[in-house]
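The values are calculated or read from the model by the stated rules, or taken from the named source; none is laboratory data. This structure is a prediction, so every number in the text was calculated from the model and none was measured. No Cβ is skipped: glycine too gets one built from the backbone with ideal geometry, and neighbour counts run over all protein chains shown. Heads up: the accessible areas ignore ligands, DNA and RNA and are worked out on the full protein's heavy atoms, side chains in. Shrake-Rupley method; radii C 1.70, N 1.55, O 1.52, S 1.80 Å.
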Amino acid sequence: MVLILAGCTVAPSQETTPAPAVLPRAPLDLTPWSAKGKLSIQGPESVETARFHWQRTDADHDTIVLSGPMSLNQQTIQRKGEETLWMDGDTERPVSASAGSSFFMSDTPLILPATLGTWLLGAPSPSPEWTVKVTQWQVAGEWEAPSRVIIRHHDMEIRVIITKWDFSTLP
């Protein structure tokens with residue numbers, strides 16, 4: 001009788017949940033891409049915050065739009081190869097000419113946009129003067145990309161929150 005009952009028992013069903021897909025990290029040389037988010041720069045004299053929209057159309061071109069609360073004090077920085085320009089209306093000026101006249105320029109050691117863009121993608125700093133740490137990652141299309149990055153230089157800290165990545169073709 002026991003053998004008959006044992007043959008009639010059904011093993012409890014176990015639903016298996018698929019393991020989350022492990023996505024590859026976005027390549028550091030990936031183009032084109034755009035990122036939107038917020039950043040905060042804490043220096044020895046001040047703390048400044050801004051929203052940003054960064055577009056890297058190819059390996060030699062970046063357009064970075066920074067704006068304060070309610071889109072006030074909007075600044076546009078463009079990189080064309082080795083040249084980094086600040087847009088003063090329709091006039092292009094070297095970033096060095098804007099020092100002290102706009103936010104993020106007075107207290108901040110110059111980080112080349114080419115370098116900073118790769119740091120946003122999660123690249124480590126090649127310089128011992130700077131440290132870059134990704135503290136949180138997010139799914140962005142077919143890639144895993146940073147959502148929180150901390151960049152440090154001596155007595156300065158830059159905290160970046162990336163709310164949206166787009167790795168599709170840009171307009």
- [ ] With the checklist (1) free of Cβ contacts under 8 Å to residues at least 60 places away in the same chain; (2) open to solvent by 40 Å² or more (accessible area, probe 1.4 Å); (3) over 21 Å from I150 (Cβ atoms) in hand, flag the one item T57 doesn't pass.
- [x] (1)
- [ ] Please list, ordered by first then second residue, the pairs with beta carbon atoms under 6 Å, 6 or more apart or interchain, first in region 121-143 and closer than 18 Å to D29 by Cα, second outside any strand (DSSP E or B) and open to solvent by 70 Å² or more (accessible area, probe 1.4 Å).
- [x] L121/L28; A123/L28; V132/P124
- [ ] Look at L120 and say whether it is buried (at least 16 other Cβ atoms within 10 Å of the Cβ), among the hydrophobic types (A, V, I, L, M, F, W, C), modelled with pLDDT of 85 or more and farther than 20 Å from W143 by Cα.
- [x] no
Task: Counted residues, region 148-171 - those being free of Cβ contacts under 8 Å to residues at least 24 places away in the same chain and either touching a His at 6+ places or on another chain (Cβ under 8 Å) or closer than 16 Å to I41 by Cβ (or both) - done: 3
TODO: Six or more apart or on different chains, Cβ under 9 Å: which pairs go from a residue in region 38-51 that's farther than 11 Å from I158 by Cβ to one that's open to solvent by less than 80 Å² (accessible area, probe 1.4 Å) and acidic (D, E)? Could you list them?
DONE: P44/D107; E45/D107; S46/D107
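Conditions (1) open to solvent by 40 Å² or more (accessible area, probe 1.4 Å); (2) at pLDDT 90 or above, marked per residue:
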residue	(1), (2)
L72	yes, no
G89	yes, no
S102	no, no
S106	yes, no
I111	no, no
S125	no, yes
Task: Scope region 134-147; condition touching a Gly at 6+ places or on another chain (Cβ under 9 Å) and either within 20 Å of V47 (Cβ to Cβ) or hydrophobic (A, V, I, L, M, F, W, C) (or both); matching residues - done: V134, W137, A145
- [ ] Looking only at region 142-166, count how many residues are open to solvent by less than 60 Å² (accessible area, probe 1.4 Å) and acidic (D, E).
- [x] 3
